[in-house]
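The values are calculated or read from the model by the stated rules, or taken from the named source; none is laboratory data. Source: prediction; values computed, not measured. All Cβ positions, glycine included, derive from the backbone under ideal geometry; neighbour counts span all protein chains shown.
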Amino acid sequence: MALFHLAFNVTDLDATRAFYGDLLGCAEGRSTDTWVDFDFFGHQLSCHLGKPFDSARTGKVGNHDVPMPHFGAVLSMSDWRALADKLQTEGMDFILSPQIRFEGQPGEQSTMFFTDPSGNPIEIKGMADMDEAFAT
């Protein structure tokens with residue numbers, strides 16, 4: 001199985017560690033004084049100090065304008081629900097609150113959008129059947 005790797009900029013490594021490590025539950029990997037790696041749901045994120053990428057709500061998905069660019073993960077529905085519950089309990093300021101999208105259609109999914117402390121937009125999807133992730 002191949003792993004996805006994404007390197008991007010963050011403004012504060014301590015806040016990044018608290019967000020990805022403590023809040024999202026991502027195990028920390030290697031680090032220096034200018035970057036830190038995380039196991040982001042089985043994939044490698046490398047968070048480097050610098051200016052985060054610009055994003056704007058230019059992506060039209062269903063009835064919502066979502067931030068572009070963004071990154072995220074596709075989780076099993078049970079893992080998605082657990083994370084959604086945790087983030088709601090912690091008072092996450094969602095861009096798009098946890099909800100079902102494309103209900104009853106191929107690719108039905110749960111989704112939520114939020115940002116990390118540096119403003120990087122993240123989408124977490126939940127799928128009842130992972131084979132539906134690429135359904136048309």
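So here's what we get for this one:
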{"item": "Selection count where residues are under 13 Å from residue 96 (Cα atoms) and of a type in the set (Gly, Ala, Ser), scope region 43-75", "result": "2"}
{"item": "Boolean, residue 82 is under 15 Å from the mean Cα position of the chain (by Cα), free of Cβ contacts under 8 Å to residues at least 12 places away in the same chain and at negative phi", "result": "yes"}
{"item": "Residue count for region 118-136, restricted to those that are more than 12 Å from residue 74 (Cα to Cα) and surrounded by fewer than 17 Cβ atoms within 10 Å (Cβ to Cβ)", "result": "3"}
{"item": "Hits in region 62-80 (condition: more than 20 Å from residue 119 (Cβ to Cβ) and surrounded by 13 or more Cβ atoms within 10 Å (Cβ to Cβ))", "result": "74, 75, 76, 77, 79, 80"}
{"item": "Condition broken by residue 10, with the remaining ones in (1) surrounded by 15 or more Cβ atoms within 10 Å (Cβ to Cβ); (2) farther than 19 Å from residue 112 by Cβ; (3) more than 15 Å from the chain's Cα centre (by Cα) satisfied", "result": "(3)"}
{"item": "Residue check for residue 88: without any contact (Cβ under 8 Å) to a residue 12 or more places away in the chain and within 16 Å of the chain's Cα centre (by Cα)", "result": "yes"}
{"item": "Boolean, residue 50 is surrounded by 15 or more Cβ atoms within 10 Å (Cβ to Cβ) and touching a strand residue (DSSP E or B) at 6+ places or on another chain (Cβ under 7 Å)", "result": "no"}
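Conditions (1) surrounded by 16 or more Cβ atoms within 10 Å (Cβ to Cβ); (2) assigned by TED's automatic domain parsing to the domain that holds residue 128; (3) β-branched (Val, Ile, Thr); (4) at pLDDT below 95, marked per residue:
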position: 16; (1), (2), (3), (4): yes, no, yes, no
position: 25; (1), (2), (3), (4): no, no, no, no
position: 85; (1), (2), (3), (4): no, yes, no, no
position: 91; (1), (2), (3), (4): no, yes, no, no
position: 107; (1), (2), (3), (4): no, yes, no, yes
